[in-house]
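This report concerns only the one structure given below.
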Amino acid sequence: MSVNPQDLKRPIAITMGDPAGVGPEVLLQAMTDSGPDSALDAGIPWILVGADWALQNAAATLGRSLPPLQRISAADQAQAGWNLLDLGLAKPRDFRYGEVQADCGELAVRAVEWAATGCLSGELAAMVTAPINKEAIHAAGYVDDIGHQEILARLAGVSQTATMLMTPGLRVVHLSTHKSLAQAVRFVTKDEVLGKLHLIHTTLSQWGLSNPRIAVAALNPHGGEGGLLGREEIEELAPAVDLAQQAGIQAVGPLPADSVFNRAIAGEFDVVLALYHDQGHIAIKVHNFHESTTATLGIPMVRTSVDHGTAFDIAGQGVADATGMRAAMAAAQAIVSSNLGDLG
């Protein structure tokens, strides 16, 4: 989708995620540690979407007071600074941090649906998401939704999406994400790779990275060793890269996965296309986990997110790191203003 700097005058929604996890906690830290007037534009209306009780829990956990909040019932009521849209779902009687609860899964999905609907209608400029729990949303009855990307694709009515992980110095787009390794290998086809290269080129160009340099990672060790260790590089990846180049896309590869990420960090490429979930996630998280964020490509809206889960093991203890939440908020702001390149 195209973005316009004027979109920054519209609100950006932040969904609180599963309240049994660290989402509300890192959100409150991000709000009170920096506020919307340091790296974040003070003129943006930020809408927190979820439940007041979840924020109150986070405040008690952190021993902090909530900042001033404008309580609203619709996006067009939002004012510059912090706004709260409470979805009206009551706190579960048996609420417990760090446990799968259907009510918490319901609240998490409802928040995502509200924000996504507002983005699709044009009321919101973008959305930022705190983590949800897959077991909790399934317990709430959303059995066809594996995570955020599937929920957003369902609401937007699109079939091709991609996850881009970002951390200072490295961006990685995934050919596939939530698939077993055996399924992911079967997904490595010329058509799938070519489609993702077009998607990356178009979306990142719209977001401020003009004619991005895209490296395609190899699937097999050492790039397949001329077919000795697998033929996907010869039969699927190289033909896709060649067709992309013919279409004017700056794509190269396939390049051995044990070196392509270091080459990108050194500045040779703007983004790497990884071929399965862990191939890309490990590179990002080893390079700089705390500042890593994600963005979804292929949907007609801007959505960024923290690059960590609900962290049930530490939820409610006040020890979660909010660096990723602040980075996700800054990324949404940068994309909306077509300045993705400024994120490094």
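Here is a list of conditions, (1) under 18 Å from the mean Cα position of the chain (by Cα); (2) surrounded by 19 or more Cβ atoms within 10 Å (Cβ to Cβ), and Gly169 meets all of them except one; can you say which number that is? The single condition Gly169 does not satisfy is (2). Filtering region 128-147 to residues that are assigned to a loop (DSSP other than H, G, I, E, B) and free of Cβ contacts under 8 Å to residues at least 40 places away in the same chain leaves Ala140, Gly141, Tyr142, Val143, Asp144, Asp145, Ile146, Gly147. Residue count for region 256-297 satisfying the condition of being within 24 Å of Glu232 (Cβ to Cβ), buried (at least 16 other Cβ atoms within 10 Å of the Cβ) and small (Gly, Ala, Ser): 5. Taken together, the criteria exclude Leu152 from residues that are in a loop (DSSP other than H, G, I, E, B) and buried (at least 24 other Cβ atoms within 10 Å of the Cβ). Number of residues in region 72-115 that are crowded, with 18+ Cβ neighbours inside 10 Å, in contact with a strand residue (DSSP E or B) (Cβ under 8 Å, 6 or more places away or on another chain) and either outside the structural domain of Lys9 (by TED's automatic domain parsing) or not β-branched (Val, Ile, Thr) (or both) equals 12. Number of residues in region 1-22 that are touching a Phe, Trp or Tyr at 6+ places or on another chain (Cβ under 7 Å) and at pLDDT below 55 equals 1.
Taking Leu152 as the residue in question, decide whether it is among the aliphatic types (A, V, I, L, M) and either in contact with a Pro (Cβ under 6 Å, 6 or more places away or on another chain) or in the same structural domain as Ile284 (by TED's automatic domain parsing) (or both). No, not satisfied.
The values are calculated or read from the model by the stated rules, or taken from the named source; none is laboratory data. Remember, it's a predicted structure, so these values are computed and weren't measured experimentally. Cβ: placed from backbone, ideal geometry, glycine included. Neighbour counts: every protein chain shown.
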